[in-house]
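Taking it in order: structure first as structure tokens, then the write-up.
The values are calculated or read from the model by the stated rules, or taken from the named source; none is laboratory data. Only a predicted model underlies this, so the values are computations on that prediction, with no experimental measurement involved. Cβ placement follows ideal geometry from the backbone for every residue including glycine, while neighbour counts extend to all protein chains displayed. We work out accessible area using only protein heavy atoms, side chains counted, and drop any ligands, DNA or RNA first. Shrake-Rupley method; radii C 1.70, N 1.55, O 1.52, S 1.80 Å.
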Amino acid sequence: MNGLRLIRRHTAAFGRFAGLGSGVTLAASAALVLLSQWIPWMAANALTTVASTVVATELHARISFGHGRPGLAGHLKSAATIAAGWLVTSAAVSSLTALHPGAGLVLQQTVYLSATALVGIGRYLVLRLAVFTERAPQPRTGGGVRLRAAYDAAA
């Protein structure tokens, strides 16, 4: 595959990844607001996080990467990338608080959103390269020989 086609394919996959991830995040945010009216916020947050992770993993595997159903291993690996992302964004905001205790909301959001963008790029790379890798076509070994042998035996 030539370089330009490869770049276009990965750019399209990243666009799908970002669009689907953003859509799932917005839906989870709305669900969190609704659920928190009936159950404690922490429980609502946990439920929406788990549900949105499962939904996002399914969408990314099938649509972003064209991999098919992710299976349990794919879901667990994807959940690990989300946990790592949470640690990175939490560390970024905690570092800001430690280094600049009086940081305003705009600076806090700038740090948080910047860390989130970096986490998203890292998550895309991990999912693309390690979790939902492209499957190379499997060579058919011996298939022709067996068919020929079956044909010869039948004759």
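Model label sites at ALA84 and GLN108, defined 7 Å from Cα along the beta-carbon direction, differ in position by 2.8 nm.
For the range 6-69, what is the accessible area per residue in Å² when the probe is 1.4 Å? Please report the intermediate quantities before stating the final value.
Values: 3900 Å² over 64 residues.
Here the residues of the range 6-69 average 61 Å² of exposed surface.
For ARG8 and ALA31 in one chain, what is 0.36 nm times their gap in residues minus the Cα-Cα distance, to one decimal in nm? Walk me through the numbers on the way to the answer.
On the way: separation 23, 0.36 × 23 = 8.28 nm, distance 3.42 nm.
Roughly 4.9 nm would be gained on extension.
Just checking the listed ones, LEU107, LEU47, LEU76: in the Gaussian network model of the chain with Cα springs under 10 Å, the one fluctuating most is LEU107.
All other residues with a Cβ under 12 Å from the Cβ of ASN2 taken together, and with Lys, Arg as +1 and Asp, Glu as -1, what is their net charge?
Values: positive: ARG5, ARG8, ARG9; negative: none.
Here the count lands on +3.
Across the chain, the mean sequence separation of Cα contacts (distance under 8 Å, 6 or more residues apart), normalised by length, yields a relative contact order of 21 percent. Against the set [x] 174; [y] 192; [z] 122, the structure's computed volume of the Cα convex hull per residue in Å³ falls on [x].
Can you work out the FRET efficiency for the pair THR97 and ARG62, with r the C-beta to C-beta distance and R0 = 41 Å, to the nearest 0.05? Spell out each step's value before the answer.
Numbers: r = 39 Å, r/R0 = 0.95.
Efficiency for this residue pair is about 0.60.
With respect to the chain, whose longest principal axis is taken over its alpha-carbon atoms, helix 41-59 is tilted by about 30°.
Share of the range 1-121's accessible area from carbon and sulfur, percent, 1.4 Å? Intermediate values should be presented prior to the final figure.
On the way: 5690 of 7710 Å².
Roughly 74 percent of what the probe reaches on the range 1-121 is carbon or sulfur.
Per DSSP H run of at least 4 residues, take -39500 (n - 2.57); add these up for the chain, divide by its residues and hand me the 222 nm value, nearest 500 deg cm²/dmol. Walk me through the numbers before you get to the answer.
On the way: 5 runs with 115 residues, N = 155.
Computed mean residue ellipticity for the chain: -26000 deg cm²/dmol.
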